[in-house]
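Colleague: I'd like to ask you about the structure that follows.
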Amino acid sequence: MKILSIETSCDETAISILEASGIFGDIKNPVEFKILANTLISQIDIHKEYGGVFPALAKREHAKNLIPILRKTLEEAKLSAPNDKSKNIWKPGFQIEEILEREPDLLKLFLEYIPTIEIPKIDAITITQGPGLEPALWVGINFAKALSLAWDKPLIPVNHMEGHLLASFINHKSKIINFPAIGLLISGGHTELILMEKFREYKKIGQTRDDAVGEAFDKVARMMDLPYPGGPEISKLAQAQREKQNISARSATIKLPRPMLNTDDFDFSFSGLKTAVLYLIKNLKKDLPAGKAGNSWDELPQEIKEEVALEFENAVTEILLKKTEKAIEKYQAETLILGGGVTANNYIRQSFESLDSQNANLEILIPERKFSTDNAVMIGMAGYFKYLEQKEKGQLQTAIDLKELRADGNLML
């Protein structure tokens with residue numbers, strides 16, 4: 001079957017088309033995914049001047065981008081054909097206009113393009129329902145509703161975080177997960193440990209009590225006056241210092257706490273670590289010779305920037321590793337699944353991959369970097385399993401059945 005998936009939870013507008021087959025856990029008929037098309041437009045450059053994602057701007061950009069990337073995606077998948085005017089297919093009506101009434105620019109583009117093409121040969125449409133920025137989510141949901149109505153296709157709402165947990169399936173060779181499994185979700189908005197005793201059954205066993213790990217990276221980056229997005233900038237500085245393989249007298253004194261490292265639970269806390277960085281920076285400035293640094297982080301020597309970034313990244317990684325290892329041990333997990341944008345961090349990836357050599361019975365699944373950050377492929381994968389479940393129960397729904405479908409910025413896994 002072919003699935004068209006849409007992702008607009010934050011600052012990436014993404015649409016993909018997957019060809020999916022198989023049943024999870026069935027050795028004779030294993031799950032297979034083939035990417036027919038995958039299109040994404042990032043808004044990073046637009047949001048840089050704000051130092052983060054500006055929701056109203058993200059919403060506007062999604063509305064502007066959805067039709068152009070839908071066109072590109074359909075063409076790439078070879079599913080775009082001009083409408084034969086002799087065929088009596090969908091014509092614009094009040095329901096489409098009602099669904100997209102709050103997105104006048106998107107409605108205009110929709111009515112200009114959709115009636116000019118034949119209904120593509122897809123079997124379902126999947127859309128991110130949440131969590132995420134609600135203004136951004138709403139644009140994608142309303143767009144998916146309009147397509148579902150126009151094309152009379154089932155509509156499958158998907159939890160964004162489930163997509164992240166399943167993102168490594170696209171390159172998972174064995175197609176089988178041994179349970180119990182532990183999932184670690186690390187992103188700008190989430191830091192969670194998830195226990196999975198069965199496929200697609202999730203129990204949260206730990207979470208951050210304040211800042212998410214990606215949020216901590218971004219806040220520390222702002223303290224350092226680093227450009228947005230800040231996480232990759234901190235990692236670049238840390239890696240530059242790591243490669244020097246020398247420890248100066250000052251570097252040896254740059255130490256940050258590891259909050260909640262040895263607590264008996266699986267929770268995290270990064271707010272105190274972030275505050276410790278702030279005071280560390282202030283103290284380092286005091287120790288510099290007169291005239292070497294003022295109130296600006298930019299005036300600090302590059303070496304100091306690298307040393308602080310290195311210690312911060314080391315502290316975060318140590319916390320994530322120890323908490324995850326403790327969960328693996330307690331629940332005798334046979335699989336560890338990482339998901340979320342922070343899994344694109346080189347040092348964190350390498351640190352978790354090294355667990356392989358420490359535990360021969362543990363399989364570690366980490367998505368490719370291009371599927372670590374937000375994308376539509378993972379939404380299509382999660383939607384495929386929901387589609388099979390709903391189809392088996394005879395509960396497939398279209399936009400008409402899902403009139404009350406709402407964006408949920410705080411949707412729980």
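The values are calculated or read from the model by the stated rules, or taken from the named source; none is laboratory data. No experiment lies behind these values; they were computed from the predicted model shown. Reconstructed Cβ throughout: ideal geometry from the backbone, glycine too, with neighbour counts over all protein chains shown.
Colleague: Just wondering, is there one or more residues in region 194-209 that are within 26 Å of Ile41 (Cα to Cα), in contact with a Ser or Thr (Cβ under 6 Å, 6 or more places away or on another chain), modelled with pLDDT of 95 or more and not aliphatic (A, V, I, L, M)?
Modeller: Looking for residues that are within 26 Å of Ile41 (Cα to Cα), in contact with a Ser or Thr (Cβ under 6 Å, 6 or more places away or on another chain), modelled with pLDDT of 95 or more and not aliphatic (A, V, I, L, M), one finds none in region 194-209, hence no.
Yes/no per residue for (1) under 18 Å from the mean Cα position of the chain (by Cα); (2) buried (at least 24 other Cβ atoms within 10 Å of the Cβ); (3) not in a strand (DSSP E or B):
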site	(1), (2), (3)
Ile127	yes, yes, no
Pro135	yes, no, yes
Val139	yes, yes, yes
Ala150	no, no, yes
Lys153	no, no, yes
Pro157	yes, no, no
Met161	yes, yes, yes
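Colleague: Out of the residues in region 4-22 that are assigned to a strand (DSSP E or B) and hydroxyl-bearing (Ser, Thr, Tyr), state the one that is surrounded by the fewest Cβ atoms within 10 Å (Cβ to Cβ).
Modeller: Among residues in region 4-22 that are assigned to a strand (DSSP E or B) and hydroxyl-bearing (Ser, Thr, Tyr), the one surrounded by the fewest Cβ atoms within 10 Å (Cβ to Cβ) is Ser21.
Colleague: Pairs only if they're at least six apart or on different chains, beta carbon under 8 angstrom, first in region 189-214 and more than 23 Å from Ile177 (Cα to Cα), second outside any strand (DSSP E or B) and of a type in the set (Lys, Arg); list them, first residue then second.
Modeller: Asp211/Lys219; Asp211/Lys274
Colleague: Right, another one. Could you check region 321-345 and list, in sequence order, the residues that are in contact with a helix residue (DSSP H, G or I) (Cβ under 7 Å, 6 or more places away or on another chain), in a helix (DSSP H, G or I) and buried (at least 19 other Cβ atoms within 10 Å of the Cβ)?
Modeller: Gly341, Val342, Thr343, Ala344
Colleague: Kindly provide the set of residues from region 17-38 that are in contact with a Gly (Cβ under 7 Å, 6 or more places away or on another chain) and either without any contact (Cβ under 8 Å) to a residue 40 or more places away in the chain or farther than 14 Å from Lys121 by Cα (or both), ordered by number.
Modeller: Answer for region 17-38, where residues must be in contact with a Gly (Cβ under 7 Å, 6 or more places away or on another chain) and either without any contact (Cβ under 8 Å) to a residue 40 or more places away in the chain or farther than 14 Å from Lys121 by Cα (or both): Asn29, Pro30, Val31, Glu32.
Colleague: Using beta carbons and a limit of 7 Å, which pairs, at least six apart or on different chains, have the first residue in region 57-84 and in contact (Cβ under 8 Å) with a residue 40 or more places away in the chain and the second one among the charged types (D, E, K, R) and surrounded by 19 or more Cβ atoms within 10 Å (Cβ to Cβ)?
Modeller: Filtered contacts from region 57-84: Ala58/Asp11; Ala63/Glu103.
Colleague: Considering only region 181-204, state which residues are crowded, with 18+ Cβ neighbours inside 10 Å, assigned to a strand (DSSP E or B) and in contact with a Pro (Cβ under 9 Å, 6 or more places away or on another chain).
Modeller: Of everything in region 181-204, those that are crowded, with 18+ Cβ neighbours inside 10 Å, assigned to a strand (DSSP E or B) and in contact with a Pro (Cβ under 9 Å, 6 or more places away or on another chain) turn out to be Leu195, Met196.
Colleague: Tell me, yes or no, whether region 43-60 has at least one residue that is modelled with pLDDT of 80 or more, loosely packed, with under 15 Cβ neighbours inside 10 Å and either in a strand (DSSP E or B) or among the basic types (Lys, Arg) (or both).
Modeller: no
Colleague: How many residues does region 359-385 hold that are surrounded by 18 or more Cβ atoms within 10 Å (Cβ to Cβ) and either assigned to a helix (DSSP H, G or I) or without any contact (Cβ under 8 Å) to a residue 12 or more places away in the chain (or both)?
Modeller: Within region 359-385, residues that are surrounded by 18 or more Cβ atoms within 10 Å (Cβ to Cβ) and either assigned to a helix (DSSP H, G or I) or without any contact (Cβ under 8 Å) to a residue 12 or more places away in the chain (or both) number 11.
Colleague: Among the numbered criteria (1) more than 18 Å from Ile119 (Cβ to Cβ); (2) touching a residue at least 24 places away in the same chain (Cβ under 8 Å); (3) of a type outside the set (Lys, Arg), which single criterion is violated by Met1?
Modeller: The one condition Met1 does not meet is (1).
Colleague: Please count how many residues of region 208-248 are out of contact with any Gly (no Cβ under 6 Å at 6 or more places or on another chain) and part of a loop (DSSP other than H, G, I, E, B).
Modeller: Total satisfying the criteria: 12.
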